[in-house]
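Okay, structure first, notes after.
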Amino acid sequence: MLAPQTEPQFAIEARGLDKTYSAQGKGNATHALKSVDLVVPRGSFFGLLGPNGAGKSTFINILGGLVVKSGGTAKIWGHDITTDPMNARGAIGIVPQELNMDPFFTPGEALEIQAGYYGVPKAERRTEEILKAVGLWDKRDAYARTLSGGMKRRLLVAKAMVHAPPVLVLDEPTAGVDVELRRQLWDYVRSLHASGVTIVLTTHYLEEAQELCDTIAIINHGNVIACEPTHKLISRLDQKTLVVTPQTPVTPPLKGFEDFTFAMRPTGAFAITYRTGEHSVEEMLDRVRNAGISIKDLSIEEPDLEDVFVQLTA
Ligand code: ADP
């Protein structure tokens, strides 16, 4: 349904993409993107992660035509954003971070206006289908200002999809959205992905990114510092955490664990993180016993995206 006639190699392809915001007033110029090479594979569910100020929004806003790049190239679905802006713009839908929308339009009107803006002929408009998909069909005639935060968020996703773009970018889509609505939003985005839409997501919720994204790029200070399949990124960390519940309460520091990352858990268990290339679990258990501790229970935790993120952006 959404696949165009010719399919490009990449959904998004940035080469040497650079952005410097010029100095304003007393402020210094900011080099927000430093010659970024980044490709988003066609059909992927791609996470673009990074700390605040890393350059994620700048990257997305360049793609959406809201920010003018200082150098390099960017293509969306094979269309250069500078030399072929109409087709580039038509290939992408962007769900912005802010919930700003005209309070006097109903969801039905908002979608019709958006479709008109993209030049979608009346006969090809899918207002009903899209509003039903995001669960807003019942609200099609309500003023936008009467919608809840979660509904507004879903209306923004609906607006981004009116021209059936092959690439959908969601910038922090679940900030402040409650658990149930988040699930609904992800169900819809997952169904779009299943139908062939390439999804690019920025989020602060690393758990969410780990669960949803097949590929993740981490950007920091305007540089891409990692970009690989999610499982590969996580397996970069050769560490595990041994969590021990002792028979009797212990008080740190424990003898023999001076060189390890050691943490007490609220349950009274303690957690020791060790490098799997340097230590075995047997050795770690020997250390626990040598510290005079008898073990009531134990488990081993694998690293997650958050651990990788912290290590790479530290
Ligand atoms: P992120 O989305 O990862 O939080 P941004 O792309 O918003 O990062 O910001 C990257 C850097 O560029 C930050 O240092 C930010 O302060 C700066 N920046 C962003 N937008 C502007 C702007 N319009 N003018 C000047 N500096 C900006």
What residue, among those in region 29-46 that are touching a residue at least 24 places away in the same chain (Cβ under 8 Å), within 13 Å of the ligand (Cβ to nearest atom) and of a type in the set (A, V, I, L, M), is surrounded by the most Cβ atoms within 10 Å (Cβ to Cβ)?
-> L33
Would you tally the residues in region 204-218 being out of contact with any Cys (no Cβ under 9 Å at 6 or more places or on another chain), in contact (Cβ under 8 Å) with a residue 40 or more places away in the chain and not charged (D, E, K, R)?
-> 5
Which condition number in (1) within 21 Å of P166 (Cβ to Cβ); (2) modelled with pLDDT of 95 or more; (3) within 14 Å of the ligand (Cβ to nearest atom) is the one that T82 fails?
-> (3)
For region 170-202, name all the residues that are in contact with a Gly (Cβ under 7 Å, 6 or more places away or on another chain) and closer than 23 Å to P41 by Cβ.
-> G196, T198, L201
Set E13, E7: member being within 22 Å of I199 (Cβ to Cβ) and out of contact with any strand residue (DSSP E or B) (no Cβ under 6 Å at 6 or more places or on another chain) | E7
Residues of region 191-207 being farther than 22 Å from L63 by Cα and at pLDDT 90 or above, which ones?
-> S191, A194, S195
Cβ pairs under 8 Å, 6+ apart, first in region 150-176 and closer than 18 Å to L111 by Cβ, second of a type in the set (K, R) and outside any helix (DSSP H, G or I) = V162/R125; V162/R126; A164/R126
Residues of region 224-244 being touching a Gly at 6+ places or on another chain (Cβ under 8 Å) and either aliphatic (A, V, I, L, M) or farther than 21 Å from F262 by Cα (or both), which ones?
-> T230
Any idea how many residues of region 162-219 are away from the ligand (no atom under 16 Å from the Cβ) and among the hydrophobic types (A, V, I, L, M, F, W, C)?
-> 16
Only one residue in T248, T267, T273, T261 is assigned by TED's automatic domain parsing to the domain that holds D307, loosely packed, with under 14 Cβ neighbours inside 10 Å and closer than 17 Å to D307 by Cβ. Which one?
-> T261
Note down all Cβ pairs under 6 Å where the first residue falls in region 47-62 and is closer than 15 Å to I199 by Cβ, the second is in a helix (DSSP H, G or I) and within 6 Å of the ligand (Cβ to nearest atom), and they're at least six residues apart or on different chains.
-> L48/K56
Cross-chain or 6+ apart pairs with Cβ under 6 Å, region 111-123 first and surrounded by 10 or more Cβ atoms within 10 Å (Cβ to Cβ), then outside any helix (DSSP H, G or I) | L111/V162; Q114/V162; A115/R125; A115/V162; Y118/H163; V120/H163
Which residue out of P51, P41, P96, P85 is assigned by TED's automatic domain parsing to the domain that holds C213, more than 30 Å from L305 (Cα to Cα) and either out of contact with any Gly (no Cβ under 6 Å at 6 or more places or on another chain) or not hydroxyl-bearing (S, T, Y) (or both)?
-> P85
Selection from region 171-204 of residues that are farther than 20 Å from E129 by Cα and among the hydrophobic types (A, V, I, L, M, F, W, C) = A175, V177, V179, V200, L201
Could you grab me the full set of residues in region 62-77 that are at pLDDT below 95 and either among the aliphatic types (A, V, I, L, M) or near the ligand (Cβ under 8 Å from one of its atoms) (or both)?
-> L66
Please verify whether region 11-23 includes one or more residues that are within 16 Å of the ligand (Cβ to nearest atom) and modelled with pLDDT under 90.
-> yes
Wholly inside region 216-310, strands (runs of 3 or more DSSP E) that include 2 or more residues that are of a type outside the set (A, V, I, L, M, F, W, C) are 223-229, 239-246, 270-275, 295-301
Among (1) surrounded by fewer than 17 Cβ atoms within 10 Å (Cβ to Cβ); (2) farther than 16 Å from C227 by Cα; (3) touching a residue at least 40 places away in the same chain (Cβ under 8 Å), where does G65 come up short?
-> (3)
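The values are calculated or read from the model by the stated rules, or taken from the named source; none is laboratory data. Just so it is clear, the model here is predicted, and its values are computed rather than measured. Methodologically, a virtual Cβ is constructed for each residue, glycine included, from the backbone with ideal geometry; neighbour enumeration extends over all protein chains shown.
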